[in-house]
1. Which one of Val67, Val104 is among the β-branched types (Val, Ile, Thr), modelled with pLDDT under 90 and outside any loop (DSSP other than H, G, I, E, B)?
2. Which residue is least open to solvent (accessible area, probe 1.4 Å), if the candidates are limited to segment 29-54 and must be aliphatic (A, V, I, L, M) and in a helix (DSSP H, G or I)?
Amino acid sequence: MSMMRTARRVAAMAAVLAVAVAATPQDTQTIGPGMGLDEVQAVFGQPQNTSSYGNFTFYFYENGCQVECGTADIVFFQDGQVVDAVLRAPWRGYRGESSSPRGVIPRPTPGGERLTIPAQVEGVEVRRVPTPVAAEDTVRADTSAVN
């Protein structure tokens with residue numbers, strides 16, 4: 001990696017950290033329906049990731065609670081204009097009607113566990129094992145009335 005590229009990355013990370021540290025609940029960065037791609041970037045900054053499908057574009061932003069909240073902050077665009085946002089970071093706001101359920105406070109999913117891997121482990125193999133269906137879980141149809 002060249003020195004110039006490394007310097008750019010360091011500068012970009014410093015800018016992201018400066019915005020994250022400077023943002024307090026009083027400094028909520030707010031977007032609204034109809035804003036364009038560049039307008040959202042002017043408010044929220046460069047997205048961590050982007051995706052497109054047909055005439056939809058999605059911006060993904062780090063929010064610090066992806067594991068606990070189940071999602072990054074997401075801004076949904078249709079034809080280049082904001083149509084929805086699911087935001088969990090306390091420093092981001094959306095003036096529109098979010099598709100995320102109202103009044104739901106992000107919390108860990110019950111029963112979920114974090115996978116912790118000791119530092120001395122070099123690799124992990126993850127295999128899916130089919131769960132057998134117990135006899136009492138089987139649904140049986142009543143066919144006695146069928147001619």
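The values are calculated or read from the model by the stated rules, or taken from the named source; none is laboratory data. Model, not experiment: these values are computed from the prediction. The area values use the complete protein model at the heavy-atom level, side chains included, leaving out ligands, DNA and RNA. Shrake-Rupley method; radii C 1.70, N 1.55, O 1.52, S 1.80 Å.
1. On the way: Val104 fails: outside any loop (DSSP other than H, G, I, E, B).
On inspection, the qualifying residue turns out to be Val67.
2. In the first step, residues of segment 29-54 are kept if they are aliphatic (A, V, I, L, M); the result is 31, 35, 37, 40, 42-43.
When the remaining residues are screened for being in a helix (DSSP H, G or I), the result is 37, 40, 42-43.
On the way: Leu37: 57, Val40: 0, Ala42: 86, Val43: 48 Å².
Here the answer is Val40.
One line per residue, one yes/no per condition, for (1) closer than 18 Å to Gln29 by Cα; (2) open to solvent by 60 Å² or more (accessible area, probe 1.4 Å):
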site	(1), (2)
Thr57	no, no
Glu68	no, yes
Gly80	no, no
Pro90	yes, yes
Ser98	yes, no
